[in-house]
Amino acid sequence: MTELLVSGVSAAEHAAPGGHSARVVGELARLQGKRMVRHPVVLVGLAWVVVAMGFGSPGTPYEEYSGVTGLVAFFIGPLAFFAANLVASSERRSGADDWTGALSMPERDRTLALLVAALAPAGLAAVLNLVLYAVIAVDGVAMPIAWTHVASVPLTVLGGAVLGVAVARLLPWPGMALLVMVGLVSFNMWVATVEDYLGFYVDFARWEGGEEIPLMEPGNGSLHLVYLGALVALAACGALLRDVRRPIIPLVLGGGFGTLVLVAGTLQLST
């Protein structure tokens, strides 16, 4: 039985004319969000971060900065991708999608609910990052930490989850999520050898060794958030591509967000 049937929303609301109410989509998103953050894949990453934090607070200014701006995203981001993909593809894998098409709630609204649910692992990442910052602050923060760098952590995790939903919708075949992840990692390993800043993970703080305050990699933190946000929106457009009556709309929007990715991605490194 799918979440659509156990959400506790009345049949009249499901069949509301002109599409479904925000409450219906929101209720399904709440249930799917719980499934994402409670998924064993995410719980493994959560345990990993907690264990890493349990070994003590970072010992150098570089470790402090890198920890609060990259540790959670590095561990939780890829796992959020797999958790969201598995939740989004659960009906197909269980065979339930053979008959859910007869229900009143269209695929578009179920996909919208999944995209909203992706906020759940992002929220978890934000909470973990705040806890990590508190652990570091107990011993005193050696240098000011830019809020834009901290904000990139939950936004990165959100991007991973939204991409997981998009892969489940666009490539609904077994093993595609793993294949996409292997492709992304392989591309990252190749492109990082060509240009460091083109890789998917570049630390904000530049490692210099020793105990000194680290230098910052060049770039504009605010434009980096715009760049990440445009990537998230681009993935969301891809997720909706097969589920809307007029695919031209997400295609046009995706083209706009893709252009924004290129512009913000270039400007963030030139300022």
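Using the structure shown, decide if residue 84 is over 21 Å from residue 130 (Cβ atoms), at pLDDT 85 or above and crowded, with 17+ Cβ neighbours inside 10 Å.
Details: over 21 Å from residue 130 (Cβ atoms): yes; at pLDDT 85 or above: yes; crowded, with 17+ Cβ neighbours inside 10 Å: yes.
So residue 84 fits the description; yes.
Is it true that some residue in region 210-222 is in a helix (DSSP H, G or I) and of a type outside the set (Phe, Trp, Tyr)? Reasoning before the result, please.
Residues of region 210-222 in a helix (DSSP H, G or I): 221-222.
Now narrow it down to the ones that are of a type outside the set (Phe, Trp, Tyr): 221-222.
Yes.
Within the set of pairs 6+ apart or on separate chains, which have a first residue in region 161-184 that is under 12 Å from residue 84 (Cβ atoms), a second that is part of a loop (DSSP other than H, G, I, E, B) and open to solvent by 40 Å² or more (accessible area, probe 1.4 Å), and C-beta atoms under 9 Å apart?
So the pair list comes out as 166/241; 169/241; 169/242; 177/171.
Looking for something of a type outside the set (Asp, Glu), closer than 18 Å to residue 77 by Cβ and surrounded by 13 or more Cβ atoms within 10 Å (Cβ to Cβ) - is there at least one such residue anywhere in region 204-216? Walk me through it before giving the result.
So the first thing to find is which residues in region 204-216 are of a type outside the set (Asp, Glu), and the list is 204-207, 209-210, 213-216.
With closer than 18 Å to residue 77 by Cβ added as a condition, the list becomes 204.
Filter once more, so that each one left must be surrounded by 13 or more Cβ atoms within 10 Å (Cβ to Cβ): 204.
Yes, that holds for at least one residue.
Residue by residue through region 252-271, note down the ones that are surrounded by 15 or more Cβ atoms within 10 Å (Cβ to Cβ) and either closer than 17 Å to residue 202 by Cβ or among the aliphatic types (A, V, I, L, M) (or both).
Selection gives 253, 260, 261, 264, 265, 267, 268, 269.
Residues checked against (1) assigned to a helix (DSSP H, G or I); (2) farther than 20 Å from residue 30 by Cα; (3) out of contact with any helix residue (DSSP H, G or I) (no Cβ under 6 Å at 6 or more places or on another chain); (4) open to solvent by less than 60 Å² (accessible area, probe 1.4 Å):
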site: 116; (1), (2), (3), (4): yes, no, no, no
site: 130; (1), (2), (3), (4): yes, yes, yes, no
site: 160; (1), (2), (3), (4): yes, no, no, yes
site: 166; (1), (2), (3), (4): yes, no, no, yes
site: 169; (1), (2), (3), (4): yes, no, no, yes
site: 181; (1), (2), (3), (4): yes, yes, yes, yes
site: 186; (1), (2), (3), (4): yes, yes, yes, no
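Can you tell me how many residues in region 223-271 are in a helix (DSSP H, G or I), over 21 Å from residue 172 (Cα atoms) and of a type outside the set (A, V, I, L, M)?
12
Quick one: which of 238, 229 is under 18 Å from residue 114 (Cα atoms), among the small types (Gly, Ala, Ser), open to solvent by less than 60 Å² (accessible area, probe 1.4 Å) and in contact with a Gly (Cβ under 7 Å, 6 or more places away or on another chain)? It would help to see each step written out before you state the result.
Numbers: 229 fails: in contact with a Gly (Cβ under 7 Å, 6 or more places away or on another chain).
None of the others qualify; the one that does is 238.
Anything in region 190-203 that is outside any loop (DSSP other than H, G, I, E, B) and either surrounded by 14 or more Cβ atoms within 10 Å (Cβ to Cβ) or modelled with pLDDT of 75 or more (or both)? List them, or say none. Full working, then the answer.
Here is the first cut: in region 190-203, the ones outside any loop (DSSP other than H, G, I, E, B) are 190-194, 196-198.
Within region 190-203, 190, 191, 192, 193, 194, 197, 198 meet the criteria.
The values are calculated or read from the model by the stated rules, or taken from the named source; none is laboratory data. Remember, it's a predicted structure, so these values are computed and weren't measured experimentally. Ideal geometry is used to build each Cβ from the backbone, glycine not excepted, and the neighbour counts take in all protein chains shown. These area figures cover heavy atoms from the full protein model, side chains too; ligands, DNA and RNA do not enter into them. Shrake-Rupley method; radii C 1.70, N 1.55, O 1.52, S 1.80 Å.
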